[in-house]
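Notes for the one structure printed next.
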Amino acid sequence: MQAKQVYTGRFAPSPTGPLHMGSLVAAMASYLDARAHDGQWLLRMEDLDFDRNVKGADQHIIASLQRSGMQWDGEVTWQSHRQPLYETALQELGNALYPCSCSRKEIADSRLRLGETASQIYPGTCRNGLVAGKTARAWRLCVPDQVYAFEDRLAGMQTQNLAIEVGDFVLKRADGFWAYQLAVVVDDAAQGITHVVRGADLIDSTARQIYLQELLGLPTPAYLHVPVVTNAEGEKLSKQTGALAFDRGDNDVLHEALLPAAQFLGLKMASTVEDIPAFWRAAIQAWKEKIVLK
């Protein structure tokens, strides 16, 4: 008899500032799903965007999760410590990769010359080699003209044609910058992630990640994308749109953050829970009823 797969989930914030309400919702959803399945919940710092990392933000995130009653399993990992894994994966992709010299402006100009919109969907300019005199700015992955489909556990069936809707995408820049798409695929596989629960702003990345998993011979996790929190103007709540930290160190995290986040996720639970441990007991049961047992 085949052994039952152990559920392993994760929360993977970028340490570009403290956690705000939007990131709390994503953390809560992934934590609840792991605990509702009696599984493991890992914490991984996605700190590869070195230009945007804020000193001390990773420790603030750790403290905020602890203050909120979310305890991860095992050691915290940092992507910046795992770069040899990404280099190995890049080499394994072989001929699926090619060097690209195009800037964003050149991509937009090329699309306009082709009579298309000036979006950042790559038109394949360097697929057959660099133009004479040009040097590589990045390494791109050649994508097939093929529809990739996956069943999101909340949003249902999702499809995307990589060639038409995404284009050949960057995995590494000439300055050594690693793309999110490659790093997250490699780390999820290396850490044995079976279920990914994250914000719906990342649902557009999933087909790319499934394609990379296919090329690298890696397993595909189950995916669940929760709605993103927006501000009064309808913009995704983020540090760029002025989102404030949900944990200010001396505020009432239970009533000011945890209960509103649970309400945003549509969890049916009383607002009279007396403390944080009682909140999590009630929230895990509510998540089971809404997502796991539905």
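Every read-out reported here was derived from the displayed coordinates using simple, explicitly stated rules and does not represent laboratory data. Just so it is clear, the model here is predicted, and its values are computed rather than measured. Note that we place each Cβ from the backbone using ideal geometry, even for glycine, and neighbour counts take in every protein chain shown.
Which shape class applies to the range 86-173: rounded if a/c is under 1.5, otherwise prolate when a/b exceeds b/c and oblate if not, where a ≥ b ≥ c are the square roots of the Cα gyration tensor eigenvalues?
Values: a/c = 2.47, a/b = 1.31, b/c = 1.89.
Here the range 86-173 falls in the oblate category.
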*Which far-off residues, 5 or more places away or on another chain, put their amide H under 5 Å from the one on residue 78, with H placed in the peptide plane?*
45
_Can you order the peptides 286-292, 12-18, 127-133, 151-157 by their average number of other Cβ atoms within 10 Å per residue, highest first?_
12-18, 286-292, 151-157, 127-133
*Compare the Cα positions of 133, 100, 156 along the charge dipole of the range 86-173 (+1 at Cβ of Lys, Arg; -1 at Cβ of Asp, Glu; about the Cα centre) and return the one farthest towards the positive end.*
133
_Long-range HN-HN contacts of residue 7 with modeled amide H, under 5 Å_ = 40
_Under 20 Å from the residue 274 label point (7 Å along Cα→beta-carbon), backbone N, the range 242-260_ = 252-256, 258-259
*By how many nm would the segment from residue 88 to residue 49 lengthen if fully extended, with 0.36 nm per residue of separation less the alpha-carbon distance?*
12.1 nm
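Mind ranking 175-185, 210-220 by how tightly packed they are, going by the mean number of other C-beta atoms within 10 angstrom, highest first? Don't skip to the answer; put the middle values down first.
Numbers: 175-185: 19.1, 210-220: 16.5.
So the peptides 175-185, 210-220, ranked by packing, come out 175-185, 210-220.
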*What FRET efficiency would be calculated for the residue pair residue 151, residue 215, taking the C-beta separation as r and a Förster radius of 25 Å, to the nearest 0.05?*
0.75
*asked:* Need one word for the range 187-267: rounded, prolate or oblate. Basis is the Cα gyration tensor (sqrt eigenvalues a ≥ b ≥ c); a/c below 1.5 gives rounded, then a/b vs b/c decides.
replied: prolate
*Round to a whole angstrom and tell me the spacing of the C-alpha centers of the range 185-254 and the range 1-40.*
10
*Among (1) 0.95; (2) 1.33; (3) 1.07, which is the computed Cα Rg over 2.2 N^0.38 Å?*
(3)
*What is the helix-to-structure angle for 83-92, meaning the angle in degrees between its Cα long axis and the longest Cα principal axis of the chain, kept from 0 to 90 and rounded to the nearest 10?*
50
*Most mobile of 201, 275, 33 per a Gaussian network model of the chain (Cα springs, under 10 Å)?*
275
*In whole Hz, what ³J(HN,Hα) sequence does the range 12-26 give by Karplus (6.51, -1.76, 1.60; θ = phi - 60°), x for Gly and Pro?*
10, x, 9, x, 9, x, x, 5, 10, 4, x, 6, 5, 4, 5
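What pairs in 55/290; 55/172; 236/268 have C-alpha atoms more than 29 Å from each other?
Working: 55/290 38 Å; 55/172 24 Å; 236/268 24 Å.
From the list (55/290; 55/172; 236/268), the Cα-Cα distance tops 29 Å for 55/290.
For residue 293 and residue 63, compute 0.36 nm times the residue count separating them, minus their Cα-Cα distance, and round to one decimal in nm. Intermediate results must be reported in sequence, preceding the final value.
Details: separation 230, 0.36 × 230 = 82.80 nm, distance 3.19 nm.
The span from residue 293 to residue 63 would gain 79.6 nm if fully extended.
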*asked:* Can you list residues from other chains, or at least 5 along the same chain, whose modelled amide H is less than 5 Å from the amide H of residue 229?
replied: 237
